[in-house]
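Since the structure comes first, as structure tokens, the remarks are kept for the end.
The values are calculated or read from the model by the stated rules, or taken from the named source; none is laboratory data. What you see is a predicted model; the values in this text were computed from it and never measured. Because the Cβ atoms are built from the backbone with ideal geometry, glycine has one as well, and the counts that use them run over all protein chains shown. Ligands, DNA and RNA are stripped out before the accessible areas are found, and what is left, the full protein with its side chains, is counted by its heavy atoms. Shrake-Rupley method; radii C 1.70, N 1.55, O 1.52, S 1.80 Å.
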Amino acid sequence: CHCAERIQRKYGEVRRPTLRQIEKEGCLWAQMGICDQQSAAKYLRTMAQRQEKAAAYMHALQIHDRPPVDSEMHYLKQWWEQGFPPETVALAYDKTVFQKKELNWRYLNGILRRWHEKGWHTAEEIRGALADKYTEQELDEVEAGEKQWKSLMREFYGPFAENLQQVEKDMEGIYLKV
């Protein structure tokens, strides 16, 4: 049943596994030490989880019409082992398409590798780090005379003042002992 499902996912509904393919699957299981029902059930659960994860990552990459090929699966597996959720991969995908005008797996992997080296794995961590970076970059532009400091302060203070007012509203009636 597992072998038939895998062949159908790969080649379509009408394709059935050949005896040779079933034999190769059996040999593979034997090499992995799968020789009883418990280990077979564990392996099948792992494979089902891998398929679910792969589908979520492919969805984040805007690929909806096919399963990943082996080289794509290599990247996907690497990303989930590094701790990147699909939402983070979607951010890297957006950045890749913006720069390259198409999905480029190596470029996208490079973005994620750099984020991993910096310890950024969630969308919140990345947005926060990039916001700090752009603020620093804007201050450098002011220092170089490329941007007016008054416009930068207006851009910063407008949303800051709105957030401050909202926090003050939310904190009404709450007293903190200092």
Among Glu72, Glu87, which is at pLDDT 90 or above, among the acidic types (Asp, Glu) and within 28 Å of Gln8 (Cα to Cα)? Glu72
Looking only at the stretch 162-175, decide whether some residue is open to solvent by less than 70 Å² (accessible area, probe 1.4 Å) and either at pLDDT 75 or above or outside any helix (DSSP H, G or I) (or both). yes
Can you tell me which of (1) farther than 26 Å from Trp79 by Cβ; (2) open to solvent by 100 Å² or more (accessible area, probe 1.4 Å); (3) of a type outside the set (Phe, Trp, Tyr) is the one Gln62 doesn't meet? (1)
So Gln49 ticks every box in (1) open to solvent by less than 70 Å² (accessible area, probe 1.4 Å); (2) closer than 26 Å to Arg106 by Cα; (3) not basic (Lys, Arg) but one. Which box is left unticked? (1)
How many residues does the stretch 15-41 contain that are farther than 15 Å from Cys3 by Cα and surrounded by 12 or more Cβ atoms within 10 Å (Cβ to Cβ)? 1
Kindly indicate which of Thr88, Thr96 is in contact with a Ser or Thr (Cβ under 7 Å, 6 or more places away or on another chain), surrounded by 15 or more Cβ atoms within 10 Å (Cβ to Cβ) and assigned to a helix (DSSP H, G or I). Thr88
Among the candidates Asp70, Asp65, Asp94, single out the residue that is under 13 Å from the mean Cα position of the chain (by Cα) and without any contact (Cβ under 8 Å) to a residue 24 or more places away in the chain. Asp94
Residue count, the stretch 119-154, condition surrounded by 11 or more Cβ atoms within 10 Å (Cβ to Cβ), at pLDDT 75 or above and closer than 30 Å to Pro86 by Cβ, comes to 10
Quickly run through the stretch 65-85 and pick out the residues that are in a loop (DSSP other than H, G, I, E, B) and surrounded by 15 or more Cβ atoms within 10 Å (Cβ to Cβ). Pro68, Phe84, Pro85
